[in-house]
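A.B. asks: Can you keep this structure in mind? I'll have questions shortly.
The values are calculated or read from the model by the stated rules, or taken from the named source; none is laboratory data. This structure is a prediction, so every number in the text was calculated from the model and none was measured. For neighbour counting, all protein chains shown are included, and Cβ atoms are generated from backbone atoms with ideal geometry for every residue, glycine included.
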Amino acid sequence: HTVMLTSSDALGLTAGSLLGIAFNWFGDKFLDATELQGFPRWRWLVSCAYQLAVLPVVVGLGLHTNGLTQQYLLNGWSAFRDATWERVYIYLLFGSQARDCNHYDNKLIFIHHLVVMGNCVATLFVPGGVGLFVLGTAILEFGSAFFNFRVLYPKSNLLKYSYYGVMPVTNGVAMALGLYMAMNLQLALPLKSFFVTSIVGVCIGRQRHQFKDMGWIGAKAHNE
């Protein structure tokens, strides 16, 4: 049968995207626009605000409402006591990626953001594993904040080694949650393959970037 977004989900994704655009407007208007790795400095600051302030609060509200249990991880939408915050999280995560999609010149980041947005939309239709998606992506976003700090403050050894420590841990946890999803959820094979491929691809890309920064492969990503 035909799968379509509900009007409320379409409105939520649109609102999340508009909020992302509003954050961009604020950053462009009031924050430092010095270019760092192809983006203005304020872009990295806004990302940190999403990753360490906005998204964790929404996840916390969802956990406060529903409780962190194995069932929470495996629930479909109808099984939650109240899935409001989980939906809000997906709308916000979608918007946080959509706000950067005008940077077509950086194909890797553009594709990465499209993949995350695709996962957000797909999760609105899954019969289970909503909690896994919410927690897994929140953990990845937390790790990404340390990469953003690394870009913002390349001379800080504290932030450098924090990035080196946090990134592999968050990648490992996300991969473990992805494996748990693959083993415990009865999803259509194309959908399960899409989620697993996305998780593995994103985590490998993130880890590879860290190894480049450490000088283990390729050229270092940051000048110190």
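A.B. asks: Among (1) crowded, with 16+ Cβ neighbours inside 10 Å; (2) basic (Lys, Arg); (3) more than 17 Å from His112 (Cα to Cα); (4) touching a residue at least 24 places away in the same chain (Cβ under 8 Å), which single condition is Arg206 missing?
C.D. replies: It fails just one condition, (3).
A.B. asks: Would a scan of segment 25-39 turn up a residue that is aliphatic (A, V, I, L, M), out of contact with any strand residue (DSSP E or B) (no Cβ under 7 Å at 6 or more places or on another chain) and either under 19 Å from Gly136 (Cα atoms) or in a helix (DSSP H, G or I) (or both)?
C.D. replies: Initial filter on segment 25-39 (aliphatic (A, V, I, L, M)): 31, 33, 36.
Subsequent filtering for residues that are out of contact with any strand residue (DSSP E or B) (no Cβ under 7 Å at 6 or more places or on another chain) retains 31, 36.
Adding the requirement that they be either under 19 Å from Gly136 (Cα atoms) or in a helix (DSSP H, G or I) (or both) leaves none.
Among the residues of segment 25-39, not one is aliphatic (A, V, I, L, M), out of contact with any strand residue (DSSP E or B) (no Cβ under 7 Å at 6 or more places or on another chain) and either under 19 Å from Gly136 (Cα atoms) or in a helix (DSSP H, G or I) (or both), which makes the answer no.
A.B. asks: Could you check how many residues of segment 174-199 are aliphatic (A, V, I, L, M), surrounded by 15 or more Cβ atoms within 10 Å (Cβ to Cβ) and either in contact with a Gly (Cβ under 8 Å, 6 or more places away or on another chain) or modelled with pLDDT under 95 (or both)? Spell out the reasoning first.
C.D. replies: Going through segment 174-199, the residues aliphatic (A, V, I, L, M) turn out to be 174-177, 179, 181-183, 185, 187-189, 191, 196, 199.
With surrounded by 15 or more Cβ atoms within 10 Å (Cβ to Cβ) added as a condition, the list becomes 174-175, 177, 181-182, 185, 187, 191, 196, 199.
If we keep only those that are either in contact with a Gly (Cβ under 8 Å, 6 or more places away or on another chain) or modelled with pLDDT under 95 (or both) as well, we get 174, 177, 181-182, 185, 187, 191, 196, 199.
Looking only at that region, the number is 9.
A.B. asks: A follow-up question, please. Which of (1) of a type in the set (A, V, I, L, M, F, W, C); (2) in contact (Cβ under 8 Å) with a residue 12 or more places away in the chain; (3) surrounded by fewer than 20 Cβ atoms within 10 Å (Cβ to Cβ) does Trp25 not meet, given it meets every other one?
C.D. replies: (2)
A.B. asks: I've got another one for you. Tell me which residues, restricted to segment 102-115, are surrounded by 15 or more Cβ atoms within 10 Å (Cβ to Cβ), touching a helix residue (DSSP H, G or I) at 6+ places or on another chain (Cβ under 8 Å) and without any contact (Cβ under 8 Å) to a residue 40 or more places away in the chain.
C.D. replies: His113
A.B. asks: Tell me yes or no: at least one residue of segment 141-150 is farther than 20 Å from Ala10 by Cα, among the acidic types (Asp, Glu) and either free of Cβ contacts under 8 Å to residues at least 24 places away in the same chain or not in a loop (DSSP other than H, G, I, E, B) (or both).
C.D. replies: The initial filter retains those residues of segment 141-150 that are farther than 20 Å from Ala10 by Cα, namely 141-150.
From the residues that got through so far, the ones that are among the acidic types (Asp, Glu) too are 141.
If we keep only those that are either free of Cβ contacts under 8 Å to residues at least 24 places away in the same chain or not in a loop (DSSP other than H, G, I, E, B) (or both) too, we end up with 141.
Scanning segment 141-150 turns up at least one residue that is farther than 20 Å from Ala10 by Cα, among the acidic types (Asp, Glu) and either free of Cβ contacts under 8 Å to residues at least 24 places away in the same chain or not in a loop (DSSP other than H, G, I, E, B) (or both).
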